[in-house]
1. Once the Cβ-Cβ distance between ASP44 and ALA17 is put in as r, and R0 is 41 Å, what FRET efficiency do you end up with, to the nearest 0.05?
2. Sorted by accessible area (1.4 Å probe), largest first, how do LYS177, LYS58, LYS68 line up?
3. Across 10 Å bins from the origin, how do the percents of Cα pairs in region 29-102 run, short distances first?
4. Would you calculate the separation in nanometres between label points at ARG27 and SER114, each defined as 7 Å from the Cα along the Cα-to-beta-carbon direction?
5. Give the long-range amide H neighbours of SER46: residues separated by 5 or more places, or on another chain, with amide H under 5 Å away, using H modelled in the peptide plane at 1.01 Å from N.
6. Want the number for THR156 to ALA52: 0.36 nm per residue separation, take away the alpha-carbon distance, what's left?
7. Add +1 for every Lys or Arg and -1 for every Asp or Glu among the other residues with Cβ under 15 Å from the Cβ of VAL105, and state the total.
8. Once the piece of chain linking GLU213 and ARG124 is laid out straight, how much longer is it, given 0.36 nm per residue of separation minus the C-alpha distance between them?
Amino acid sequence: MNTALAHGQPAADGRSARWDAHRVTRRRELIRAARQAVHRLGPDASMEEIAAAAGTSKPVFYRYFGDKAGLQRAVGEVVIGRMQNKLQEAAETATTAREGLHAMVSVYLQMAESSPHVYAFVTRPGGADPSAPTGIEADGAGGAAVLSHFFAAVTTMMAAPFRAHLTAGMSTEAQLKAAYWPPAAIGMVRAAGEQWLGTPEGDDKPSREQMTEQLTGWLFDGIAQIASNAGTSTSNKNKTTS
């Protein structure tokens, strides 16, 4: 006798399981097609243009992602996944704190430079899509939520190797102060990186390698100062109490 039936439970529906697997595969295909479309058409591509490039219809995209903000978030999660793999590789191969920081900045800038249209698509609020079918409205905070989710995920990814490399040997006081560094760092890398991306090519524009080195210097000197100040503060306290 079927065990599920013996316990009064319905048997698993194989068709349902196959349909779920089909939906997962189809969703993955649509995300890949959307990334390719945005890479070619630019971050302002409408859902209609993205669907046409994917060889399907707008309702299909709305069925799988809800609205444009949902699609942005889905594409952003794929980008974040790829970044995470590269950040992990960078963290594992770095032998010094500065090397680790340099690798993290390089991964971020490389991701943005390799496909600036996709980067813009996943890092800015999408707003309403005028091509949305009647009756489907995007959440007013959807675009902002996509933006917040993306940078929160990137900050979390940077925080782990940061703690492993940069806070090693720091006092407890310095580590508490340094906890504010990852969001400040990603904000700085983002702002400077986006300005760099938007700068026309020319002799005055630094290469990605030069930009990575420059940002690494600014960020590493800052965190080194935190450790130095904390050490000085601790030393002064010891002198006062002695």
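1. Computed FRET efficiency for ASP44 and ALA17 comes out at 0.55.
2. Ranking LYS177, LYS58, LYS68 by accessible area, largest first, yields LYS177, LYS58, LYS68.
3. Binned Cα distances yield the sequence 19, 40, 17, 17, 7, 0.
4. For the pair ARG27/SER114, the computed spacing is 2.4 nm.
5. The answer is none.
6. Stretched out fully, the THR156 to ALA52 stretch lengthens by 33.9 nm.
7. -3
8. Separation in residues times 0.36 nm, less the Cα-Cα distance, equals 29.4 nm.
The values are calculated or read from the model by the stated rules, or taken from the named source; none is laboratory data. These numbers come from a predicted model, not from an experiment. Ideal geometry is used to build each Cβ from the backbone, glycine not excepted, and the neighbour counts take in all protein chains shown. Protein only, heavy atoms only, side chains kept; ligands, DNA and RNA dropped before computing areas. Shrake-Rupley method; radii C 1.70, N 1.55, O 1.52, S 1.80 Å.
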